[in-house]
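The values are calculated or read from the model by the stated rules, or taken from the named source; none is laboratory data. A quick note: this is a predicted structure, and the numbers were derived from the prediction, not measured. Heads up, the Cβs are rebuilt from the backbone with ideal geometry, glycines too, and the neighbour counts pull from every protein chain shown.
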């Protein structure tokens, strides 16, 4: 079955694809400013702790279930269910997961479209096409719809080629390019006046802020969203792994690459913001917090680039190229979730499934754009703040409570016959059974109650 569905041809290809899914816009723009607003290095400490104690075990639950089933989330959860009731619940969970993944892609495509527009605007400035550059950077419905559609077409084009020729080939090219581009930008920004002030804000800890509920909720959200957990993307990618792979090792590699890029992005964004402050650009809100989100990405940083002359135009183009890669490597994994379900559950050809589902998600993006003030923030909160942690909780229940322990061990032994003697097997089963569900629920309750 795995051969008919397609599978990753190498560990490098899988790690690049899974890390590409994990590394997205949240790593580059959200994580650094959240760290700065929540105690600097104290936030980093809490984030790393949650990434290792909650996000990594949940990631492993998805990878193990996916590799065992070699199927989409609906089929996988049904397969490991011990009874009819849990099989039905698994079906509902899998369907809900691909709906959430589709909604995430719907708002993601909007932001990614803006990023492509800003990238092209920088190129137009270099060519002296200032009128076109101005149109590309203005918030207009025509521009928004056009570049959302363009981004969706790029995503559809990659996914339509399948696992090896589409997902693996492009992830193996784009992820090294992303890392190289990020490193170059970090090294350049560090040479500018004001960069050291941003570095101090990022790295000096305020441990008094480390225990604030808001910080913990923000750190959990960053860990889950950045690792693409809860919606079945990692389960799907796990289902394309060969039985020869050592799952705890590849899961660790994905987690480490994701954390590395998130932390490295902090060395770019925070120094860049304080370079902007040094150049006279406002980087604080009226309440005294650092500007974050789309205001940072599409207002503060472009204003910084505009103060740097021709060098700023080049840096702007490189920066938005970096962001475009981050967006694309994540979007292809989101689209694969509903596509895999449709292919396997309804016997639809890949290209037909990709174009129909991609078109429906693009239509949902258009609806969000037409009702932007009402629907955009609501969609982001519903999917990333509430749905992803809850779905991650359910995956922990299936891996920790419903799937027979002996069968789970058999799956892990496929890629590592000695796994039962290692630290992973001594810690992970009880950790994903007791610790992860309780902490996820506790933090989710805090988020729900405000």
I need a count of the residues in segment 343-373 that are free of Cβ contacts under 8 Å to residues at least 24 places away in the same chain and crowded, with 20+ Cβ neighbours inside 10 Å.
1
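Specify which of the listed residues (157, 166, 162, 194) is more than 13 Å from residue 268 (Cβ to Cβ) and surrounded by fewer than 16 Cβ atoms within 10 Å (Cβ to Cβ). So that I can check it myself, show each step before the final result.
Numbers: 166 fails: surrounded by fewer than 16 Cβ atoms within 10 Å (Cβ to Cβ); 162 fails: surrounded by fewer than 16 Cβ atoms within 10 Å (Cβ to Cβ); 194 fails: surrounded by fewer than 16 Cβ atoms within 10 Å (Cβ to Cβ).
Being more than 13 Å from residue 268 (Cβ to Cβ) and surrounded by fewer than 16 Cβ atoms within 10 Å (Cβ to Cβ) holds for just one of 157, 166, 162, 194, which is 157.
Checking the conditions here, which among 148, 175 is closer than 19 Å to residue 366 by Cα, in contact with a helix residue (DSSP H, G or I) (Cβ under 7 Å, 6 or more places away or on another chain) and either assigned to a helix (DSSP H, G or I) or touching a residue at least 12 places away in the same chain (Cβ under 8 Å) (or both)?
Values: 175 fails: closer than 19 Å to residue 366 by Cα.
Selected residue: 148, the only one of 148, 175 that is closer than 19 Å to residue 366 by Cα, in contact with a helix residue (DSSP H, G or I) (Cβ under 7 Å, 6 or more places away or on another chain) and either assigned to a helix (DSSP H, G or I) or touching a residue at least 12 places away in the same chain (Cβ under 8 Å) (or both).
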Within segment 64-88, can you find the residues that are under 27 Å from the mean Cα position of the chain (by Cα), in contact (Cβ under 8 Å) with a residue 60 or more places away in the chain and in a helix (DSSP H, G or I)?
64, 65, 66, 67, 68, 69, 73, 74, 75, 76, 77
Inspect segment 285-301 for any residue being within 23 Å of the chain's Cα centre (by Cα), more than 30 Å from residue 5 (Cβ to Cβ), in a loop (DSSP other than H, G, I, E, B) and modelled with pLDDT under 95 and give the result as yes or no.
yes
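How many residues does segment 418-450 contain that are outside any helix (DSSP H, G or I) and under 17 Å from residue 64 (Cα atoms)? Step through it out loud before you land on a result.
Applying the first criterion (outside any helix (DSSP H, G or I)) to segment 418-450 yields 418, 422, 450.
Pick out the ones that are also under 17 Å from residue 64 (Cα atoms) and you get 418, 422.
Total meeting the criteria: 2.
If we scan segment 20-40, do we find a residue that is farther than 24 Å from residue 320 by Cα, at pLDDT 80 or above and not in a loop (DSSP other than H, G, I, E, B)? Spell out how you get there, then give the answer.
So in segment 20-40, the residues farther than 24 Å from residue 320 by Cα come out as 38-40.
Subset that is at pLDDT 80 or above: none.
No, segment 20-40 contains no residue that is farther than 24 Å from residue 320 by Cα, at pLDDT 80 or above and not in a loop (DSSP other than H, G, I, E, B).
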Which numbered condition residue 129 fails, given (1) surrounded by fewer than 23 Cβ atoms within 10 Å (Cβ to Cβ); (2) over 20 Å from residue 25 (Cα atoms); (3) in contact (Cβ under 8 Å) with a residue 12 or more places away in the chain
(3)
In segment 254-284, how many are without any contact (Cβ under 8 Å) to a residue 60 or more places away in the chain and part of a helix (DSSP H, G or I)?
2
Here is a list of conditions, (1) under 22 Å from residue 241 (Cβ atoms); (2) at pLDDT below 95, and residue 354 meets all of them except one; can you say which number that is?
(2)
Result of the Cβ filter at 9 Å on segment 1-24, keeping first residues that are at positive phi and surrounded by 15 or more Cβ atoms within 10 Å (Cβ to Cβ) and partners that are at pLDDT 80 or above and assigned to a loop (DSSP other than H, G, I, E, B), at least 6 apart or interchain, is 6/162; 6/240
